[in-house]
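S.K.: Dropping a structure here in structure tokens format, bear with me for questions.
The values are calculated or read from the model by the stated rules, or taken from the named source; none is laboratory data. Predicted, not measured: the structure shown is a model, and the values here were computed from it. Here the Cβ is made from the backbone with ideal geometry for all residues, glycine too, and neighbour counts use every protein chain on show. Protein only, heavy atoms only, side chains kept; ligands, DNA and RNA dropped before computing areas. Shrake-Rupley method; radii C 1.70, N 1.55, O 1.52, S 1.80 Å.
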Amino acid sequence: MAEPIPIEARSLLCLGYGYSAAALARRLGAREEGWRIIGTTRRPEKAARMGADGVEALLCGDNAHAPSDAAVEAALERCAFLLVSAGPDAAGDPLLRRHGRAVERAAPSMRWAGYLSTTGVYGDHHGAWIDETAALTPATERGRHRVEAESAWRAVEERHGLPLHIFRLAGIYGPGRGPFAKLRGGTARRIVKDGQVFSRIHVDDIAQILEASMRQPRPGAAYNVCDDEPAPPQDVIAHAAALLEMTPPPETPFEEAAATMTPMAASFYSESKRVSNALMKRELGVTLAYPTYREGLSAVLEAEAAAPPR
């Protein structure tokens, strides 16, 4: 029998190397601990950028330049830490569909696995406060897909010992994902819907929360990942305009704006809730760098001025 492949103690595989995974990779890469970080992507141009950032890129999917699935599955066997950030579709979780058997084989040897979900799994609570004990009653198709994906990953945890942690992310923002470009371009809108509030989280706080969990795993945990102040979207746009010393766009009633919204944009306004981050703070001991959108937007503006997004 062949010798088992050794698990690398500081090795992270990101299945779906997106915005949040990149923030975590930067955070870990800044440590003098010799982290090896591997990420999958479907885009060759992104793979080149990942390599420049010190991340080993694996092209995947149906890309003509992609390695065989065996390369991804070999990385699964070698890595002690796994982050899953690719979203599900109507057919289920695409990574379990393609690499489920390999995940099952690797699961018992992993130290930590994180699945990035969304607070959309809770559905609409008419602006009320909720925590992780709230029922999963999504109001959108995307939310239902996420609940099904969470369940599929839970099944791997229960049957194969995957040390799973679920992170339900609020609306993500950060450099390159703030309102400033739209404000400068004149396309930002202050849409007002009575009682509407959203929770948010800066991408760098996502990274520190993930790292904190990696250093003190609690398999089976689910955490809400959001800042301290759910807020109406029109207030956030007004504050961003003030930072740019611009006149904010006029308020537009939701009923008027809905006629020109994309289905995805409209889906955000179908739910209103205030999401508690108390469990995350208590168990992981994190202090948010950006506890509200005010500190976060100031940091985004400064970061974008220093290094415009690629």
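S.K.: What is the set of long-range amide H partners of Arg190 at a cut-off below 5 Å, with H atoms built 1.01 Å from backbone N?
M.R.: The answer is Thr252.
S.K.: Taking a probe of 1.4 Å, how large is the accessible area per residue of the chain, in Å²?
M.R.: Per residue, the chain has 47 Å² of solvent-accessible surface.
S.K.: List, in order, the whole-Hz ³J(HN,Hα) value for each residue of segment 161-169 obtained from phi through the Karplus relation with A = 6.51, B = -1.76, C = 1.60 and θ = phi - 60°; use x for Gly and Pro.
M.R.: x, 5, x, 7, 10, 9, 10, 8, 8
S.K.: Ignoring ligands, DNA and RNA, what percent of the accessible area of segment 135-176 is carbon or sulfur (1.4 Å)?
M.R.: 48
S.K.: Could you run the Karplus curve 6.51 cos²θ - 1.76 cosθ + 1.60 with θ = phi - 60° over segment 171-185 and give me ³J(HN,Hα) per residue in whole Hz, x for Gly and Pro?
M.R.: Using θ = phi - 60°, the values come out as x, 8, 9, x, x, x, 10, x, x, 5, 4, 5, 5, 5, x Hz.
S.K.: Using the Kirkwood radius over C-alpha pairs as Rh, can you work out the diffusion coefficient of segment 175-310 via Stokes-Einstein at 10 °C, viscosity 1.306 mPa s, in µm² per second?
M.R.: Translational D for this selection: 97 µm²/s.
S.K.: Okay, moving on. Cross-chain or 8 or more residues apart, Cα under 26 Å: how many lysine pairs in the chain fit that? Count them up, please.
M.R.: Count of close lysine pairs: 5.
S.K.: What's the Kirkwood radius of the chain in Å, using all Cα pairs?
M.R.: The Cα-based Kirkwood calculation yields 20.5 Å.
S.K.: Summing Lys, Arg as +1 and Asp, Glu as -1, what charge do residues with Cβ under 14 Å from the Cβ of Ile37 carry, Ile37 excluded?
M.R.: Once positives and negatives cancel, what remains is +2.
S.K.: Once ligands and nucleic acids are excluded and a 1.4 Å probe is used, how much of Arg43 is accessible, expressed in Å² to the nearest 10?
M.R.: My reading of the accessible area for Arg43 is about 110 Å².
S.K.: Give, as ranges by residue number, the residues of segment 253-270 whose backbone N falls under 13 Å from the point 7 Å along Cα→Cβ of Asp194.
M.R.: What the label zone holds, given the 13 Å backbone N cut-off, is 254-255.
S.K.: Between Thr252 and Lys46, what length in nm is gained on full extension when 0.36 nm per residue of separation is reduced by their alpha carbon distance?
M.R.: The span from Thr252 to Lys46 would gain 70.5 nm if fully extended.
S.K.: Put Trp153, Trp129, Trp35 in order of accessible area, largest first, 1.4 Å probe: what do you get?
M.R.: Trp129, Trp35, Trp153
S.K.: Between Arg105 and Glu295, what length comes free when the chain is fully extended (0.36 nm per residue of separation minus the Cα-Cα distance, one decimal in nm)?
M.R.: Taking Arg105 through Glu295 to full extension adds about 64.1 nm, to one decimal.
S.K.: Mind checking the angle between helix 293-306 and the chain's longest principal axis? C-alpha axes, 0 to 90 degrees, to the nearest 10.
M.R.: Between the helix axis and the principal axis of the chain, the angle is about 70 degrees.
S.K.: Please report, to one decimal in angstroms, the Kirkwood hydrodynamic radius of segment 17-156 built from all distinct Cα-Cα pairs.
M.R.: 16.6
S.K.: Which ³J(HN,Hα) values in Hz, rounded to whole numbers, follow from the phi angles of segment 114-123 under the Karplus curve 6.51 cos²θ - 1.76 cosθ + 1.60, where θ = phi - 60° and Gly and Pro get x?
M.R.: x, 10, 8, 10, 8, 5, x, 5, 7, x
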